[in-house]
Each structure stands twice: as C-alpha cells, then as structure tokens.
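The structure appears below as structure tokens.
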Amino acid sequence: MLAEKKDITPQAQADDITLRKPESQDGARLHKLISECKPLDENSTYCNLLQCTHFADTCVAAEMDGDLVGFISGYIPPRQQNVLFVWQVAVHEKARGKGLAKRMLAEILDRDDCANVQFIETTITPDNEASWGMFRSFAYARRMPTEEFIFFDSRLHFAGEHKDEHLLRIGPFNRDNA
Ligand SMILES: CC(C)(COP(=O)(O)OP(=O)(O)OC[C@H]1O[C@@H](n2cnc3c(N)ncnc32)[C@H](O)[C@@H]1OP(=O)(O)O)[C@@H](O)C(=O)NCCC(=O)NCCS
C-alpha cells in the first residue's frame, strides 16, 4: 500500500533512516555514494548536482546518522507525463536488506509531484540480480503488471562497450489504489 497523504509519510519517518528531497549540497555526497555502489555507472558530479536540484521533486535522499546511505534518481520524461523513469537506485552496503530501496521508491510515488504517474520505467542490465529483485518485488507486492524489452542495445547504442539495457515497465496502476 502506498502511504496516506500527509506532510511526513510513514516511508519518510520509519526507523532510523530519514527520507527527503535532495538539495544542491547533496551532489558531492551522491557522487561518492554512487562510486561505492557497484555496478552503477558513475556520472559527473555536475550531473549529480542537476539530479539534486532540477530533478529534486522526483529524487529521494536517505540519511542515517547524518550520512547519505540511499538515493534514487528519477524524472518524468518530457513526452511521457504519466511515467516515473527511475535512473539509478543506490543503497550503501550498511543500509541494505532493510527494504530501503522499495521504501524510497514508494516515497517518490506518493508525492503530489507524481499525481499523474501510472507507470514506473527503468532500465537494467540482464545480470543485475539485485535490481531485478528489487523492482519485481515492488511490483509483485502491489500486484502491478510488468513487461520488459531491450531498450538500449549493446552494439547498436553502446558500440559494444556496455551491456544491453533492458527496459522494465511496471503498470499501469492507479496510484491511490496501489
Ligand atoms: C539493489 C539495491 C538498491 C537494493 O537495495 P536494498 O535497500 O537492500 O533493497 P530492499 O531491501 O528494498 O530489497 C528489495 C528486494 O530486492 C531483493 N534483493 C535485494 N538484493 C538482492 C540481490 N542481491 N539479489 C536478488 N534480490 C535482491 C530483496 O530480496 C527484496 O525483495 P523481497 O523484499 O521480496 O525479499 C542495493 O543492493 C544496491 O544499491 N546495489 C548496488 C547498486 C545497484 O545495483 N542498483 C540497482 C540498479 S538501478
């Protein structure tokens, strides 16, 4: 179940981990977190700063004891206003296995900024079992349909220097009943 609409959602206040929208001061810390969460691709600090500012409404930062231990970067594609595209999900090793990734995803979806969202989309390399496990578990628990297909092809789009990226689409769902 997604959380009831409140100023502070249950997802944001559970246990010792606090969830919030990111801000510009998180950019450098996000860069470090991503570098510690293999096999995620590292982007420039500048890119991370844009995620923390321009895209803050669809990103979430998780803090434990003042440390940034989790982050989801996402955005609503300009031509797909009913889609939340999840770019990267990162949970530091010390915060894994507590349901944090799924909680962060639910927290973004629960925002008014996502009022029109009916689908979650993400791309995953075939061998990233943790990522498949996380998204499938999220969809399964909410009885949301899923489909997948190759989105970026290794040879066609990455000149053979990166694995295929499969698009996983979750939905359609009615956010209020999810
Ligand atoms: C993937 C990742 C974000 C999961 O974070 P997490 O907070 O530990 O995940 P959760 O506790 O919310 O677990 C969610 C589900 O994923 C599954 N899962 C987590 N790690 C898994 C793994 N290594 N293999 C298979 N399934 C896994 C869990 O079983 C859980 O499902 P369940 O609740 O039905 O048992 C974290 O391991 C990570 O940051 N990995 C490195 C970066 C990465 O690969 N990111 C994903 C690509 S976008």
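In what sequence, highest mean first, do 140-149, 89-98, 76-85 appear when ranked by Cβ atoms within 10 angstrom?
So the order, starting with the most tightly packed, is 89-98, 76-85, 140-149.
With a Förster radius of 35 Å, plug the Cβ-Cβ distance of K32 and D153 into 1/(1 + (r/R0)^6) and report the FRET value to the nearest 0.05. Mind showing how you got there, number by number?
Values: r = 31 Å, r/R0 = 0.89.
For R0 = 35 Å, the calculated efficiency reads 0.65.
Efficiency by 1/(1 + (r/R0)^6): what FRET value for S137 and N174, r their Cβ-Cβ distance, R0 = 22 Å, to the nearest 0.05? Intermediate values should be presented prior to the final figure.
Working: r = 20 Å, r/R0 = 0.91.
For S137 and N174, the calculated efficiency is 0.65.
For the chain, what is one quarter of the convex hull surface built on the Cα atoms, given in nm²? Don't skip to the end; give the middle numbers.
Numbers: hull surface 39.8 nm².
That works out to 9.9 nm², a quarter of the Cα hull's surface.
Equivalent ellipsoid semi-axes for the range 102-144, as square roots of 5 times the alpha carbon gyration tensor eigenvalues: give them largest first, rounded to whole Å.
Details: eigenvalues 85, 25, 18 Å².
Ellipsoid semi-axes (Å, largest first): 21, 11, 10.
Where a number appears in this text, it was derived from the coordinates with a stated rule and is not lab data. Everything numeric in this text was worked out from a predicted model, so none of it was measured. Positions of Cβ are generated from backbone atoms using ideal geometry, with glycine treated the same way; all protein chains shown enter the neighbour counts.
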